[in-house]
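Enquirer: What follows is a single structure, and I will ask about it in a moment.
The values are calculated or read from the model by the stated rules, or taken from the named source; none is laboratory data. For clarity, every value in this text was computed on a predicted model and none was experimentally measured. As a convention, Cβ positions derive from the backbone with ideal geometry for all residues, glycine included, and neighbour counts pool all protein chains shown.
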Amino acid sequence: MRKILRTLSEKTGQYDRLLQLYFRWSLFLRRLETRILIPTLSSSAIIRKIYFSFFSDVFSSEMKMYILGRQHYLERSLFEQSNPSHLRRNIHRLEKGLMAENRRELFGADYLLETVHQFAYSVAELDRCTLNDWAFDVLQQYFQWSPNVPLVEQAKQIFTEVAYTKLLPEVFRGPYVKGPTDKELYSRFSILAKSRKSVRSFVPGSVPANDVLENAVRLAALAPSSCNRQPFRFVVLTQSGMVTDVARLAGGARSFAEGIPALAVVLGSTAVSPSPGDRHLMYIDGSLAAMSFMLALESQGCSSCPINWPDHKKADAALRKCLSIQAYERPVMLIAMGLARDNSMVACSVRKEVKELLEII
């Protein structure tokens, strides 16, 4: 419709006039929002609820994702099914209790039984794997150090009946003492961090090899994650037509979408917690993992460019037609990947000074 109106206005010689009217109208609406709407919304919780219930659906997609994520999480937790996120969270909580300097004699009592049940369900569903190895080692250490009270004995009996055999018996996956930091680590990391720049001109067809992608994801998985739930995954597109179509959905990549060799879609999930307070974990943990992913790519000679994915219903719907995405998942960002063209230019993008970013109290 916009193209048709623009064509008609250009043919009739009214384009410049209509453009001026459009700018004036936009300025009027922004001033109205700044002086009336925002002050009103900020001063009254009731008016905010009414406004976002009846006049704006800007948060509706996030609310729907949270509800569907909570449903998926609870169904897998309450009806004798394996819920990896639930098991990861509880094992991490026990792990933190085990390594506490002033460790209590008994801790984790309120979630101990559900943890051993989740371990049993996980073994039944996934058999031998690193997740179950980790849970086994932490639970075994927990039972060694906990007092012989009825609750612990009951949980220990359930744990013993699982009769789990580790995937890697020689690797202990419980708490351990961290070694000293390499003194040269900062200088090497500084070189890597300064080397990584957002590249938008790639060598045609320079799709990263599978081992490069696997290495990058392996390091991305080491990024900090709340209770080790890791509510993200990487979907890598390598077919040129699909790469271009998906990249065009993000407004910031349309100018170079056709030249992207491969594209990673970082998908976040709300199905890792029943708590509404955790609904933003996928953005926080997904972004931490994405940064490690890009640095790992750079260390292997593969350039990248993160691409913002705004909350836009049409773009989300179009992406879901291209990819298999769960209803409780949505993109955190896109990452363009490939070899940088010779003599390709990158933005200087002067960063803020340390004094602007750091406050020491």
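Enquirer: Collect the residues in the stretch 141-182 that are under 20 Å from residue 117 (Cβ atoms), aromatic (Phe, Trp, Tyr) and assigned to a loop (DSSP other than H, G, I, E, B), keeping them in residue-number order.
Expert: The answer is 164, and nothing else.
Enquirer: Might you let me know whether the stretch 248-270 holds any residue that is under 22 Å from residue 115 (Cα atoms), at pLDDT 95 or above and crowded, with 22+ Cβ neighbours inside 10 Å?
Expert: There is at least one residue in the stretch 248-270 that is under 22 Å from residue 115 (Cα atoms), at pLDDT 95 or above and crowded, with 22+ Cβ neighbours inside 10 Å.
Enquirer: So how many residues does the stretch 337-361 have that are of a type in the set (Ser, Thr, Tyr) and either modelled with pLDDT of 95 or more or within 12 Å of residue 200 (Cβ to Cβ) (or both)? I'd like the intermediate steps shown before the answer.
Expert: To start, the set of residues in the stretch 337-361 that are of a type in the set (Ser, Thr, Tyr) comprises 344, 349.
Filter once more, so that each one left must be either modelled with pLDDT of 95 or more or within 12 Å of residue 200 (Cβ to Cβ) (or both): 344.
Within the stretch 337-361, residues that are of a type in the set (Ser, Thr, Tyr) and either modelled with pLDDT of 95 or more or within 12 Å of residue 200 (Cβ to Cβ) (or both) number 1.
Enquirer: Would the stretch 247-255 turn up any residue that is outside any helix (DSSP H, G or I), farther than 21 Å from residue 340 by Cβ and out of contact with any Gly (no Cβ under 6 Å at 6 or more places or on another chain)? Walk me through it before giving the result.
Expert: Quick first cut of the stretch 247-255, residues outside any helix (DSSP H, G or I) only: 250, 254-255.
Then keep just the ones that are farther than 21 Å from residue 340 by Cβ; that gives none.
Within the stretch 247-255, none of the residues are outside any helix (DSSP H, G or I), farther than 21 Å from residue 340 by Cβ and out of contact with any Gly (no Cβ under 6 Å at 6 or more places or on another chain).
Enquirer: May I ask you to list the residues in the stretch 127-153 that are farther than 19 Å from residue 171 by Cα and exposed (fewer than 14 other Cβ atoms within 10 Å of the Cβ)?
Expert: 145, 147, 148, 149, 150, 153
Enquirer: Look through the stretch 224-246, keep the residues that are of a type outside the set (A, V, I, L, M) and in a helix (DSSP H, G or I), and return whichever of them is nearest to residue 90 (Cα to Cα).
Expert: Only one residue tops the list, namely 227.
Enquirer: Let me ask something else. Given the residues 197, 183, which is the only one that is basic (Lys, Arg) and without any contact (Cβ under 8 Å) to a residue 60 or more places away in the chain?
Expert: Values: 197 fails: without any contact (Cβ under 8 Å) to a residue 60 or more places away in the chain.
Answer to the check: 183.
Enquirer: Out of (1) on the phi < 0 side of the Ramachandran plot; (2) out of contact with any Lys or Arg (no Cβ under 6 Å at 6 or more places or on another chain), what's the single condition that is false for residue 305?
Expert: Among (1) on the phi < 0 side of the Ramachandran plot; (2) out of contact with any Lys or Arg (no Cβ under 6 Å at 6 or more places or on another chain), residue 305 violates only (2).
Enquirer: Looking at the stretch 154-178, which of its residues are among the small types (Gly, Ala, Ser) and either surrounded by 10 or more Cβ atoms within 10 Å (Cβ to Cβ) or farther than 27 Å from residue 107 by Cβ (or both)? Working first, answer last.
Expert: Within the stretch 154-178, the first condition is being among the small types (Gly, Ala, Ser), and the residues that meet it are 155, 163, 174.
Listed by number, the residues that qualify are 155, 174.
Enquirer: Also: I'd like to verify a number: residues in the stretch 343-353 that are free of Cβ contacts under 8 Å to residues at least 60 places away in the same chain and at negative phi, how many?
Expert: 5
Enquirer: Which pairs do you get when a residue that is buried (at least 19 other Cβ atoms within 10 Å of the Cβ), found in the stretch 303-331, comes within reach of a residue that is in a loop (DSSP other than H, G, I, E, B), reach meaning Cβ atoms under 6 angstrom, with the pair 6+ apart or on two chains?
Expert: If the second residue must be in a loop (DSSP other than H, G, I, E, B), the pairs left are 303/199; 305/199; 305/200; 307/250; 309/250; 328/270; 328/271; 331/309.
Enquirer: Which of the helices (runs of 4 or more DSSP H) contained wholly in the stretch 1-114 include at least 3 residues that are out of contact with any helix residue (DSSP H, G or I) (no Cβ under 7 Å at 6 or more places or on another chain) and modelled with pLDDT under 95? If you could, list the steps in order and put the result at the bottom.
Expert: Values: elements: 2-11, 15-32, 38-43, 45-54, 60-78, 84-98.
The qualifying helices (runs of 4 or more DSSP H) are 2-11, 15-32, 38-43, 45-54, 60-78.
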